[in-house]
Amino acid sequence: MANQPNNPNESIPVSNPAPSTEGNIGSVPVSDAGFSVAHAERYTTVLPWKETFTFMYNHNSKNETQVIDVVDSLLGQEFQQTGLVYQKYCDAMNDLTKVLLELLAISLGVDRKHYQSFFEDAVSMMRCNFYPPCSANLSGALGNGPHCDPISLTLLLQDQVGGLEVFADNKWLAVPPKPNTFVINIGDTFMALTNGLYKSCLHRDFVSNKVERKSLTFFVSPRGDKTVSPPDELLGKEESRKYPDYKWNELYQFTQKTRRVDAHTLDSFVAWRSSSDASN
Ligand SMILES: O=C(O)CCC(=O)C(=O)O
Ligand SMILES: [Fe+2]
């Protein structure tokens, strides 16, 4: 496996900690919104080699300027044009999410509106990723170590540089960027919503030692207090439940406070929750 530099952010000039907003959007805390260097405020070793700008997006908000407003509050008035671009981008991701959820339901043979209505009031996370070139890249530095996304769906737009790999058929496969093409990844929570029929996608990202790379990730998640549970139609008589019910907020908080996202997040969360239930 590729080497991941320890504490790579030490060599990146780090400005002030991420600005954060107070309060909640749809029951998901938004204190992680803003600019961040590799989530350095949360983890001290083996950090992802990247900088991020993150904010939340409410799928059924009546506020047509929600993204413009949040970008304004995080970055200031001079970023109004950026806010407008991301408003349009997130609204388009909202539309794409609806189509994808309907197609996924059809593919599973469940009511075609099932997932669409579960995600009707979804609260997703928009993240802009910036991977600076890494001069320590002798045998391949990782911008993101191997992990499955804990969310439901990831709608990923890469630039032309490349570096993304997915683990499939027992090997790592490059996902070369194609112009105007999205990569759609299944995350842990959609896996749970299908009782394991759709598998969460293990992936990683290499960084270049010469050029910077950028990508946009729109992480689709249900409202935080929704119970994640597969539809009855997927639970035939023979079919046992692969994962217990949980609320998206619980898994999200686990990834923020207890264990950094990796290849086994959902299993670790289920084990951690049953051990904390047992000790109470
Ligand atoms: O930048 C990419 O290609 C993917 C980023 C990613 O996997 C993540 O942010 O979870
Ligand atoms: Fe990811």
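Values computed for the structure shown
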read-out: Residue within the range 229-241 that is in a loop (DSSP other than H, G, I, E, B) and within 13 Å of the chain's Cα centre (by Cα) present; value: no
read-out: Hey, Thr194 open to solvent by less than 10 Å² (accessible area, probe 1.4 Å), of a type in the set (Val, Ile, Thr) and more than 12 Å from ligand 1 (Cβ to nearest atom) or not; value: yes
read-out: Qualifying residue in the range 164-171 (condition: buried (at least 22 other Cβ atoms within 10 Å of the Cβ), within 16 Å of ligand 2 (Cβ to nearest atom) and within 21 Å of Ser36 (Cβ to Cβ)); value: yes
read-out: All positions within the range 120-137 that are closer than 29 Å to Leu193 by Cα, open to solvent by less than 30 Å² (accessible area, probe 1.4 Å) and within 15 Å of ligand 2 (Cβ to nearest atom); value: Ser124, Met125, Met126, Cys128, Asn129
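Yes/no matrix, rows are residues, columns are (1) under 26 Å from Leu251 (Cα atoms); (2) in contact with a Lys or Arg (Cβ under 7 Å, 6 or more places away or on another chain):
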{"position": "Leu103", "(1), (2)": "yes, no"}
{"position": "Leu108", "(1), (2)": "yes, no"}
{"position": "Asn129", "(1), (2)": "yes, yes"}
{"position": "Pro132", "(1), (2)": "no, no"}
{"position": "Ala136", "(1), (2)": "no, no"}
{"position": "Glu165", "(1), (2)": "yes, yes"}
{"position": "Pro179", "(1), (2)": "no, no"}
{"position": "Asn185", "(1), (2)": "yes, no"}
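Residue-by-condition table, conditions (1) among the aromatic types (Phe, Trp, Tyr); (2) out of contact with any Gly (no Cβ under 6 Å at 6 or more places or on another chain):
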site: Lys50; (1), (2): no, no
site: Lys62; (1), (2): no, yes
site: Thr65; (1), (2): no, yes
site: Val71; (1), (2): no, no
site: Gln81; (1), (2): no, yes
site: Tyr89; (1), (2): yes, yes
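Residue-wise test of (1) at pLDDT 95 or above; (2) within 14 Å of ligand 2 (Cβ to nearest atom); (3) of a type outside the set (S, T, N, Q); (4) open to solvent by 40 Å² or more (accessible area, probe 1.4 Å).
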site: Ser139; (1), (2), (3), (4): no, no, no, yes
site: Asp149; (1), (2), (3), (4): yes, yes, yes, no
site: Val175; (1), (2), (3), (4): yes, yes, yes, no
site: Lys199; (1), (2), (3), (4): yes, no, yes, yes
site: His203; (1), (2), (3), (4): yes, yes, yes, no
site: Ser208; (1), (2), (3), (4): no, no, no, no
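The values are calculated or read from the model by the stated rules, or taken from the named source; none is laboratory data. Predicted, not measured: the structure shown is a model, and the values here were computed from it. For neighbour counting, all protein chains shown are included, and Cβ atoms are generated from backbone atoms with ideal geometry for every residue, glycine included. The accessibility values were calculated without ligands, DNA or RNA, using every heavy atom of the protein model including side chains. Shrake-Rupley method; radii C 1.70, N 1.55, O 1.52, S 1.80 Å.
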